[in-house]
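Colleague: One structure coming up, written as structure tokens, with questions to follow.
The values are calculated or read from the model by the stated rules, or taken from the named source; none is laboratory data. All figures in this text were calculated on a predicted structure; none of them were measured in a lab. Glycine gets a Cβ as well: all are built from the backbone with ideal geometry, and neighbour counts include every protein chain shown.
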Amino acid sequence: MTSYLDATVPNRSEHLWRYTPWSRVHPGRVDSVPDVDSAIIKSEDFELTNKTFEPLATTDIARIFLNEILRTTTVVACDNNNGHIHIHAGGHSVAAHLHIACNSAANIVIHLHGEADWFGLALTGDINANAQLSVGIINELSTDSVMVRVDDWSLHRDARFELATLSMGGHRNKSDIRSALKGSNASLKQFIAVHGHGTRHDDHHIEIHHQQPHTNSHLLLNAACDDRSHSIGTGALTIDDVAQHTDAGQVFRNLLLSPSSRAEAIPELEVLANEVAAAHGAASAPINKEQLHYLMSRGLSKDEATSMIVEGFLVDSFTGLDSDLVREAMQTRLTVHLECQLIG
Amino acid sequence: MTEVLLRVENLHVSVGDTPIIQGISLEINRGEIHAIMGRNGAGKSTLANVIMGHPAYEVTSGTIHYKGKNIEEMEVFERARAGMFLSFQYPAAIPGVQVGTFLRKSVASVRGEAPSPRAFRQELNEAMKQLDMDKSFLSRYVNDGFSGGEKKRLEILQMLLLQPDLALLDETDSGLDIDALRIVAEGINAVAKETGCLIITHYQRLLDLVKPDVVHVLIDGKIVQSGGPELALKLEKEGYDWVEALV
């Protein structure tokens, strides 16, 4: 296994680290491996088992680093079960590795909260043949926290997987979410909603790899950026030459709410098969004036109308979720968060 | 006693350097229904939007008084809270915002306090029944994926709930089939007796169901002819050429 101290720290010419260099999300000095505690993982709905840590694929510096600091893997027994998992990240630097293997059907909402200065999260999972898994991740970390998140999901034959992320917490986040469609007829739907406020910096890199024929993937990232926040969405969609009849789409939409907010949306495609449908789109725009006028003509002040449009924009990120449990949890937490923001 | 709700005096309006409205004067009393007819591009929708305070239009001269007050400095939401309502020709879609939530917040904003959930639900049920609307409307996103007719029904539903003093209806009849037109017309008639109404339309068919007190013909941003309901019938029969000949 590659040692972190032997690994080369990537520079900003690499696509993955262009907007958020590794040095900005490392918990200390970039040439050190600090002591890291385990985050507390609890659930009243699922049986959780701690096992010896199963190393992550050493494809990038974040995974290599997490391999050095993680000691245990928490395995979620999820089959035919629905509910919530809470991960509390308290203290200076903490980390967690959660592994989900789904053989039947499950709906899981994972809540991230706590005041850790640094939080490293690894999520891995196998959605096995014919299984249906829906996972929602709600990031409500303290506004001072830095988070590094890496995901590795494998979808096998006829698997159905929904992965939703509601990103509202943390000061600086780097998420590298990778999914491989390894079995024919596998289907992935991924939804991400980002609320940028203050000086929040939120970087999502999403890799989707179609390795078999008749696979589908759909990605939607909606980011609403206020104040001096910065959202980044980079996509890397790969369709192997054997993955004929793949249908894949990526859409990145940014709503810019202040002159100082920034957003990048960079979908990239590598298509090696010739009988596929692959589409991508990206758009950044301020609030639509006609929407604003319409709501104000119904008695809402400009601030109230703006809040309603922003909430709708982010809520709409999750409209495509089939899981009622996950969709309602995401939309409810989002509404609560935005109301708290409005009250100040 | 007659209450003047809207008084427009020698109004001139431009978009950029282009003059659209060129000297309109108009007075609407409570309980009156006025209809404005005219060719495409005559300035009908501009007039409605300017009265409601759309920021894209610049009033270059003239005044608009509502309930005796000059409303030039009032923002759109202040006009709405003062009892003005515009039914849009092309209502904006607001993805992610459910109709039920939107209606509850609008009603609370315009009335100055939120109605009790029970009272609001009852009021909403009655209004939706009146407009033959299914309850599934409430969980859909505002105007998102709505047909033309559904959009217009939602506009009238809002009018029934917001109970305005002055209703501006911009081509509310467009996109409606015969049955929907009748239902929408009943909705308009339900509030018209207590309000002032300005109806913008191209067609006599709405005015067969909602009887106007006054009909105005707008050509090139000016009211060139006003009269009773018989004027609309004549326009339906003979078109606008004879009016233009009078200018």
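Colleague: Out of the residues in region A:58-71 that are among the charged types (D, E, K, R) and in contact with a Phe, Trp or Tyr (Cβ under 8 Å, 6 or more places away or on another chain), which is surrounded by the most Cβ atoms within 10 Å (Cβ to Cβ)?
Modeller: A:68
Colleague: Within region A:72-151, which strands (runs of 3 or more DSSP E) (wholly inside it) include 3 or more residues that are surrounded by 23 or more Cβ atoms within 10 Å (Cβ to Cβ)?
Modeller: Strands (runs of 3 or more DSSP E) meeting the threshold: A:93-102, A:105-114, A:118-127, A:132-141.
This table checks each residue for (1) touching a Phe, Trp or Tyr at 6+ places or on another chain (Cβ under 8 Å); (2) of a type in the set (Lys, Arg).
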site: B:140; (1), (2): yes, yes
site: B:149; (1), (2): no, no
site: B:154; (1), (2): yes, no
site: B:158; (1), (2): yes, no
site: B:168; (1), (2): yes, no
site: B:180; (1), (2): no, no
site: B:185; (1), (2): no, no
site: B:202; (1), (2): no, no
site: B:214; (1), (2): no, no
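Colleague: So which residues in region A:228-245 are hydroxyl-bearing (Ser, Thr, Tyr) and either in contact with a Lys or Arg (Cβ under 8 Å, 6 or more places away or on another chain) or touching a residue at least 60 places away in the same chain (Cβ under 8 Å) (or both), if there are any at all?
Modeller: A:229, A:231, A:234
Colleague: Something else about it: Filter region A:304-313 down to residues that are more than 7 Å from chain B (Cβ to nearest Cβ) and aliphatic (A, V, I, L, M), then give me how many there are.
Modeller: 2
Colleague: If residue A:198 satisfies all but one of (1) touching a strand residue (DSSP E or B) at 6+ places or on another chain (Cβ under 8 Å); (2) within 26 Å of residue A:254 (Cα to Cα), what's the number of the condition it fails?
Modeller: Residue A:198 satisfies every listed condition except (1).
Colleague: Within region B:53-63, which residues are more than 15 Å from residue B:16 (Cβ to Cβ), of a type outside the set (Ser, Thr, Tyr) and surrounded by fewer than 23 Cβ atoms within 10 Å (Cβ to Cβ)?
Modeller: B:62
Colleague: Just checking, which of B:235, B:218 is surrounded by 18 or more Cβ atoms within 10 Å (Cβ to Cβ), touching a residue at least 60 places away in the same chain (Cβ under 8 Å), among the hydrophobic types (A, V, I, L, M, F, W, C) and not in a helix (DSSP H, G or I)? Before you say what the answer is, go through the steps one by one.
Modeller: Numbers: B:235 fails: not in a helix (DSSP H, G or I).
Matching residue, one of B:235, B:218: B:218.
Colleague: Continuing with this model, one more query. Kindly indicate whether any position in region B:143-152 is among the hydroxyl-bearing types (Ser, Thr, Tyr), away from chain A (no Cβ under 14 Å), surrounded by 18 or more Cβ atoms within 10 Å (Cβ to Cβ) and within 25 Å of residue B:46 (Cα to Cα).
Modeller: The answer is no; no qualifying residue exists.
Colleague: (1) touching a residue at least 40 places away in the same chain (Cβ under 8 Å); (2) at negative phi; (3) surrounded by fewer than 24 Cβ atoms within 10 Å (Cβ to Cβ): which one isn't true of residue A:198, the others all being true?
Modeller: (2)
Colleague: Kindly indicate which of A:283, A:279 is more than 9 Å from chain B (Cβ to nearest Cβ), in contact with a strand residue (DSSP E or B) (Cβ under 6 Å, 6 or more places away or on another chain) and either within 30 Å of residue B:88 (Cα to Cα) or part of a loop (DSSP other than H, G, I, E, B) (or both).
Modeller: A:283
Colleague: Only one of A:314, A:321 is assigned to a helix (DSSP H, G or I), in contact (Cβ under 8 Å) with a residue 12 or more places away in the chain and closer than 18 Å to residue A:189 by Cβ; which?
Modeller: Being assigned to a helix (DSSP H, G or I), in contact (Cβ under 8 Å) with a residue 12 or more places away in the chain and closer than 18 Å to residue A:189 by Cβ holds for just one of A:314, A:321, which is A:314.
Colleague: Name, by its number, the condition in (1) more than 23 Å from the chain's Cα centre (by Cα); (2) within 14 Å of chain B (Cβ to nearest Cβ); (3) surrounded by 15 or more Cβ atoms within 10 Å (Cβ to Cβ) that does not hold for residue A:273.
Modeller: (2)
Colleague: I'd like the full set of residues that are at the interface with chain B (Cβ under 7 Å from one of its Cβ atoms) and more than 17 Å from residue B:95 (Cβ to Cβ), limited to region A:286-303.
Modeller: Listed by number, the residues that qualify are A:296, A:297, A:299, A:301.
Colleague: Give the residue that is nearest to residue A:111 (Cα to Cα), with candidates limited to residues of region A:80-96 that are at pLDDT 95 or above and of a type outside the set (A, V, I, L, M). Before you say what the answer is, go through the steps one by one.
Modeller: Our first condition is that a residue be at pLDDT 95 or above; within region A:80-96, this holds for A:80-89, A:93-96.
Narrowing further to those that are of a type outside the set (A, V, I, L, M): A:80-84, A:86, A:88, A:93.
Details: A:80: 20, A:81: 17, A:82: 14, A:83: 11, A:84: 7, A:86: 5, A:88: 8, A:93: 18 Å.
If we take residues in region A:80-96 being at pLDDT 95 or above and of a type outside the set (A, V, I, L, M), then A:86 is nearest to residue A:111 (Cα to Cα).
Colleague: A follow-up question, please. Can you tell me which residue is nearest to the other protein chains (Cβ to nearest Cβ) among those in region B:109-123 that are among the small types (Gly, Ala, Ser), surrounded by fewer than 20 Cβ atoms within 10 Å (Cβ to Cβ) and under 25 Å from residue B:192 (Cβ atoms)?
Modeller: By that ranking, first place goes to B:112.
Colleague: Another question, if that's okay. Taking the stated definitions as given, is residue A:326 within 14 Å of another protein chain (Cβ to nearest Cβ) and aliphatic (A, V, I, L, M)?
Modeller: no
Colleague: Let me ask something additional. From A:286, A:267, A:259, grab the single residue that is free of Cβ contacts under 8 Å to residues at least 24 places away in the same chain and either of a type in the set (Phe, Trp, Tyr) or under 30 Å from residue A:311 (Cα atoms) (or both).
Modeller: Unique residue meeting the criteria: A:259.
Colleague: Return the residues of region A:204-218 that are touching a residue at least 40 places away in the same chain (Cβ under 8 Å) and either acidic (Asp, Glu) or closer than 22 Å to residue A:148 by Cβ (or both); say none if nothing qualifies.
Modeller: Result: A:205, A:206, A:208.
Colleague: If a residue must be not charged (D, E, K, R) and not in a helix (DSSP H, G or I), how many such residues does region B:152-167 contain? Walk me through it before giving the result.
Modeller: Going through region B:152-167, the residues not charged (D, E, K, R) turn out to be B:154, B:156-164, B:166-167.
If we keep only those that are not in a helix (DSSP H, G or I) as well, we get B:163-164, B:166-167.
Residues in region B:152-167 being not charged (D, E, K, R) and not in a helix (DSSP H, G or I): 4 in total.
Colleague: Do we find that residue A:260 is part of a helix (DSSP H, G or I) and small (Gly, Ala, Ser) in this structure?
Modeller: no
Matching residues to (1) among the acidic types (Asp, Glu); (2) over 16 Å from residue B:98 (Cα atoms); (3) modelled with pLDDT under 95; (4) touching a strand residue (DSSP E or B) at 6+ places or on another chain (Cβ under 7 Å):
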| site | (1), (2), (3), (4) |
| --- | --- |
| A:293 | no, yes, no, no |
| A:296 | no, yes, no, no |
| A:303 | yes, yes, yes, no |
| A:313 | no, no, no, yes |
| A:318 | no, no, no, yes |
| A:326 | no, yes, no, yes |
| A:335 | no, no, yes, no |
| A:339 | yes, yes, yes, no |
| A:342 | no, yes, yes, no |
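Colleague: Could you please find all residues in region A:226-257 being part of a loop (DSSP other than H, G, I, E, B) and of a type in the set (A, V, I, L, M)?
Modeller: A:242, A:243, A:257
Colleague: Follow-up question, since we're still on this one. Among the numbered criteria (1) touching a helix residue (DSSP H, G or I) at 6+ places or on another chain (Cβ under 9 Å); (2) modelled with pLDDT under 95, which single criterion is violated by residue A:25?
Modeller: Going through the list (1) touching a helix residue (DSSP H, G or I) at 6+ places or on another chain (Cβ under 9 Å); (2) modelled with pLDDT under 95, residue A:25 breaks only (2).
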